[in-house]
Amino acid sequence: MESYYLWTVALTVCSVIFLPYYVKFRRQQKVDLSRKQEAVFLGADKPVAQFPVIDETRCIGCATCVKACPEQEVLGIVFGKSTVINGLKCIGHGKCAEVCPVGAIQVGLGDIEDRDDIPLMNEYNETVVPNLYIAGELGGFALIKNAIAQGAQVVEHIASLPQRSTDAEIYDVIIVGAGPTGMSAALNAVKHKLSYLVLDQQGAGGTILQYPRKKIVLVQPVEIPLYGYLKKSEYTKEELLDIWLGLKDKYKLNIQVGAKVSNVYRSEGYLTVEGTGETFKARNVILALGRRGTPRKLGVPGEEKAKVMYKLIDVEAYQNEKILIVGGGDSAIEVAYGLASQGSNQVTISYRKNKFFRLKRKNAELIEKLVKTGQVRTIMESNIIQIEDDHVRLDIKGQKAKLSNDYVFIFAGGEPPFKLLKKMGIKFGSD
Ligand SMILES: Cc1cc2nc3c(=O)[nH]c(=O)nc-3n(C[C@H](O)[C@H](O)[C@H](O)COP(=O)(O)OP(=O)(O)OC[C@H]3O[C@@H](n4cnc5c(N)ncnc54)[C@H](O)[C@@H]3O)c2cc1C
């Protein structure tokens, strides 16, 4: 009788302690499963670069990795195992692998034979096109640390090649892209006294320029040529840009901005780089384009105006403005929400379809609420046809309309760089 009583007490105590954990665990699994299904539906489960490769036979489903991910949304627990839920969000911090108590995670590219977004390269990052190299995120590995290291390494290899250019019109190396990879490559070219040119369609800084204002950037130890090691592990976007732009000025880096490269091909003894209306020659070319692609343009008159943007960097800069957002995806909805939250802005979304498709559930609910409360107006089945300084012209179901306007944000997707690489003759894992 006494032992029965003891067992009952023990079981009750165990249930009181463990039941809440079990219920929480089950609930979280349910949420993660539905997140996974949603990500698969949206095509967001596939990573753009490296991602956590999980050994399911080792994983014990403890969720330490899920909690350690600085980007939060990448991993989840489904059917008791860690699973990549939103691969698109992985930028390769590798914290998941560091904290896994059973060593079940490696951050890598998986089986590249299946991937049509991982270019084939040799040990020096040279593609199948001789003297055409790839460095940084374009090669598959994200993170500023990898970008800086690879940009420098590829130039180190080029500097070790026996021949240098003796023709003033042919550079030793042309670097396409002025992100951390391209900047690091350029600094190493200065160090090795190579003749070089950097071409970028936007400005020096690359993806860092696109980060939201004051974003905290995590960086791991890495040496920048002619600068040394970054001293801190966290910088604000602005601090990091100051370092890059300071180096650009100090070494008067030869960077041409506004130059979108549309092709690279072999000519006799050198490579020809086609930029915006110009061609350049080089013995070697490094593609440091990143993977984010070029925002897709609409091609409407007035799109070149300064009031037209493809990214929202600083939401607080917009107060009491009439803003038109073009697009119907998650980015359009999130930006509409940010701008409408500023209170005084008048925010309108123009979308060519009759309803929003393929939105994350959270954003579908958000836009419904914003429209209901009058914070955002939507004009469905509409196309922007002209952008003027103080208004825009729309075609709404075949009818022309004029809308008073201060700013236009366009979210029409991006053009990934892989088509361009194929045009240059570069081969991929899946080829
Ligand atoms: C929101 C966000 C947060 C991040 N946070 C971190 C973080 O905290 N820590 C971290 O280490 N990493 C972070 N990353 C990743 C990091 O920003 C990238 O890995 C890094 O910028 C890659 O550098 P890159 O030079 O290879 O490419 P990018 O920085 O993307 O630069 C590529 C450059 O190439 C130019 N370009 C592209 N196509 C052409 C063309 N056809 N002609 C001419 N120029 C062209 C672009 O204009 C751009 O300037 C983050 C990324 C994002 C998107």
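When the chain is treated as a GNM with alpha-carbon contacts under 10 Å, the residue of Ile208, Ile385, Ile325 showing the greatest mean-square fluctuation is Ile385.
Share of pairwise Cα-Cα distances greater than 30 Å in the chain is 54 percent (whole percent). Between Ala10 and Leu33, the FRET efficiency from the beta-carbon distance, with R0 = 35 Å, is close to 0.60.
Subtracting the Cα-Cα distance of Lys231 and Lys250 from 0.36 nm times their residue separation leaves 4.9 nm of extension gain. The modelled label-to-label distance between Glu156 and Val102, using points 7 Å beyond Cα along the C-beta direction, is 3.8 nm.
A crude spin-label estimate for the pair Leu218 and Glu304, with each label 7 Å from Cα along the Cβ direction, gives 4.3 nm.
Taking the chain, the Cys residues with no second Cys beta-carbon under 4.7 angstrom are Cys14, Cys59, Cys62, Cys69, Cys90, Cys100.
Across the range 2-108, the mean sequence separation of Cα contacts (distance under 8 Å, 6 or more residues apart), normalised by length, yields a relative contact order of 30 percent. Here the relative contact order of the range 168-261, from alpha carbon pairs under 8 Å that lie six or more residues apart, stands at 35 percent. So how do Lys248, Lys260, Lys372 line up by other beta-carbon neighbours within 10 Å, fewest first? Arranged by neighbour count, lowest to highest, Lys248, Lys260, Lys372 become Lys372, Lys260, Lys248.
Panel order for Arg26, Arg377, by other beta carbons found within 10 Å of each beta carbon, from fewest to most: Arg26, Arg377. Using a Gaussian network model on the chain with a 10 Å cutoff between Cα atoms, which of Arg35, Arg115, Arg27 fluctuates the most? Highest fluctuation of the listed residues: Arg27. Would you mind telling me which residue in Gln28, Gln342, Gln399 has the biggest mean-square fluctuation in a Gaussian network model of the chain, where springs connect alpha carbons within a distance under 10 angstrom? Looking only at Gln28, Gln342, Gln399, the biggest GNM fluctuation is shown by Gln399.
Sorting 286-296, 3-13 by average packing, meaning the other beta carbons within 10 Å per residue, from highest down gives 286-296, 3-13.
Partners of Lys214 within straight-line reach, counting lysines whose Cα lies under 18 Å from its Cα and excluding those fewer than 8 residues away in the same chain: Lys232, Lys237, Lys311. Mean sequence separation of contacting Cα pairs (under 8 Å, at least six apart), scaled by the length of the range 308-413, corresponds to a relative contact order of 34 percent. So what's the gap between the Cα centers of the range 214-254 and the range 67-145, to the nearest angstrom? Cα centroid of the range 214-254 versus Cα centroid of the range 67-145: 23 Å apart. Shape descriptor for the range 2-108: Rg over Rh equals 1.14 (Cα atoms; Rh from the Kirkwood inverse mean 1/r). Cross-link reach is defined here as a Cα-Cα straight distance under 17 Å, omitting same-chain residues fewer than 8 places apart; for Lys362 the lysines meeting it are Lys30, Lys36, Lys89, Lys372. Here the ratio of the Cα radius of gyration of the range 45-198 to 2.2 N^0.38 Å is 1.26. Extension gain for the segment Lys67 to Ile243, taken as residue separation times 0.36 nm less the Cα-Cα distance, is 60.2 nm to one decimal.
Under 20 Å from a point placed 7 Å out from the Cα of Tyr21 along the Cα-to-Cβ direction: which residues of the range 89-103 have their backbone N that close? Label zone hits: 99-103. The ranking of Lys30, Lys36 from fewest to most other beta carbons within 10 Å of each one's beta carbon is Lys30, Lys36.
How much net charge surrounds Pro180 when only the other residues with a Cβ under 10 Å from the Cβ of Pro180 are counted, with Lys and Arg +1 and Asp and Glu -1? Overall, the nearby charge balance is 0. Placing +1 on the Cβ of every Lys and Arg and -1 on the Cβ of every Asp and Glu, with nothing else charged, gives the range 2-108 a dipole about its Cα centre of roughly 180 debye. Here the extension length gained between Asp389 and Asn263 equals 42.0 nm, from 0.36 nm per residue of separation less the Cα-Cα distance. The label point for Lys402 and the one for Gln342, both projected 7 Å from the Cα toward the Cβ, are 2.5 nm apart.
Read the figures in this text as sums done on the coordinates, not as results from a lab. From a predicted model like this one, the values you see are computed outputs, not experimental measurements. Cβ sites come from the backbone with ideal geometry, for glycine too, and all protein chains shown count toward neighbours.
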